[in-house]
1. Multiply the residue separation of THR106 and LYS296 by 0.36 nm, subtract the distance between their alpha-carbon atoms, and state the gained length in nm to one decimal.
2. At R0 = 56 Å, how high is the FRET efficiency between GLU286 and ASP218 if r is their beta carbon distance? Nearest 0.05 is fine.
3. Which whole-Hz couplings ³J(HN,Hα) result when phi for each residue of the stretch 314-322 is put into the Karplus expression 6.51 cos²θ - 1.76 cosθ + 1.60, θ = phi - 60°, listed in order with x for Gly and Pro?
4. Please compute the Kirkwood hydrodynamic radius of the stretch 112-353 from all pairs of different C-alpha atoms, in Å with one decimal.
5. What FRET efficiency do you get for GLU200 and ALA79 if R0 is 56 Å and r is their Cβ-Cβ distance, rounded to the nearest 0.05?
6. What is the fewest-to-most order of SER204, SER257 by other Cβ atoms lying within 10 Å of their Cβ?
7. Let's test the formula: R0 of 45 Å, r as the Cβ-Cβ distance of LEU86 and SER330. What FRET efficiency results, to the nearest 0.05?
Amino acid sequence: MSRTDDISNLFSRFGATSDSYHEFDSQFDYPNTPQVQDKPPVPAQVPAPLLAGLSPVAPVPLSSLANDHAPLMSTADVAIPLRNLLAEVALARQAETEALQAQLRTPQCKARVVVLVSAKGGVGKTTLAASLASSLRLEGGKTLAIDLDPQNALHHHLGVESGVTGIGSACWSSNLQQGFNDVQVLPYGVLSDDQRCALEREVSQDRHWLARQLERMDLGTHDLVIVDTPTGRSAFLQQALDVADQVLVVTAADAASFIALEHMDRLLGADVARSYVVNQFEPGREFSRDMLEVLKRRLGAQLMGVVVQDHGFGEALAYGRNPLTVPARSAGGEGVLLLGEQLKTGLQNARSTGISAP
């Protein structure tokens with residue numbers, strides 16, 4: 001069937017003829033428009049420099065502004081006048097400020113403090129500290145011996161029984177023990193592992209821990225404190241150096257002690273004035289005498305005294321006696337007493353001039 005017949009049939013259905021039908025050729029070409037597919041929206045890209053400058057900001061919960069450890073008022077408190085509530089808030093703020101100022105303030109100790117240190121063990125530091133504490137007293141004052149050494153040996157040399165808490169207690173004054181010649185002794189104490197860790201943490205976090213403890217004891221200007229420290233570097237050593245009026249380095253006339261002097265210089269630093277005492281000196285040995293001469297050249301005017309080896313100190317410890325009160329005083333005892341007099345003179349002169357003892 002031709003295209004003309006198709007048109008005639010179409011017109012006949014409407015009751016018309018195709019005689020009036022005309023076709024026109026168009027000069028325009030209408031191509032088929034391709035179907036447009038819907039695409040998901042794409043967000044605009046932010047330039048790279050702008051992205052680099054942005055950082056995530058953590059949201060601040062509004063609840064934190066209201067939960068600042070403020071006590072909740074009871075039903076009875078609601079009836080209190082507002083002016084009274086504001087007064088309570090002001091008093092609490094004042095108490096917090098005073099507590100903060102107390103922490104920032106450097107505590108003051110009126111007593112004179114002598115600190116014994118050593119770079120190596122076995123030189124008789126603790127024995128010498130106990131002997132000085134039991135023999136040295138300033139006029140009109142009392143003498144305290146404080147043990148900062150975890151070995152907890154000082155009180156044995158002063159005739160005090162063990163078993164007390166010592167420096168781990170909150171109140172030192174209530175834990176003082178009576179030792180030889182009325183010296184008051186504060187041992188390091190018998191501490192559990194938890195107590196020891198808590199003490200070491202407190203000492204390391206509070207630079208003025210020892211100064212605060214001494215200030216709370218209400219010591220006078222005529223009181224004397226002898227402090228025994230651990231061997232080598234420790235937080236307790238630094239605490240003691242901060243309050244010391246006199247630092248006494250205990251050494252011996254042997255090669256190991258001489259070598260350790262350089263280590264002690266690094267521990268103390270150039271700003272800490274110190275004096276030296278050669279302990280356990282054996283005058284009958286030529287090598288010991290030669291070592292003493294070497295130490296004299298090395299230390300110069302810093303060498304305060306020499307204490308000879310005396311086995312009577314070890315025997316006195318075994319029998320619980322004061323080695324300085326035996327009927328026949330030994331050469332070692334004489335050396336301790338002479339050293340004590342030198343310390344006493346230096347402390348008194350320092351007090352009159354207002355500076356620390358050399």
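1. 64.6 nm
2. On the way: r = 52 Å, r/R0 = 0.93.
That pair, GLU286 with ASP218, gives E of 0.60.
3. So the J values, rounded to whole Hz, are x, 5, 4, 5, 5, 9, x, 10, 7.
4. Details: mean 1/r = 0.0548 Å⁻¹.
18.2 Å is the Kirkwood radius here.
5. 0.70
6. Numbers: SER204 14, SER257 22.
Going from least to most buried by this count: SER204, SER257.
7. Values: r = 73 Å, r/R0 = 1.61.
Calculated value: 0.05.
None of the figures in this text is laboratory data; all of them are computed from the coordinates on show. Given the structure is predicted, the values throughout are model-derived calculations rather than measurements. Using ideal geometry, Cβ is built from the backbone for each residue, glycine included, and neighbour counts are taken over all protein chains shown.
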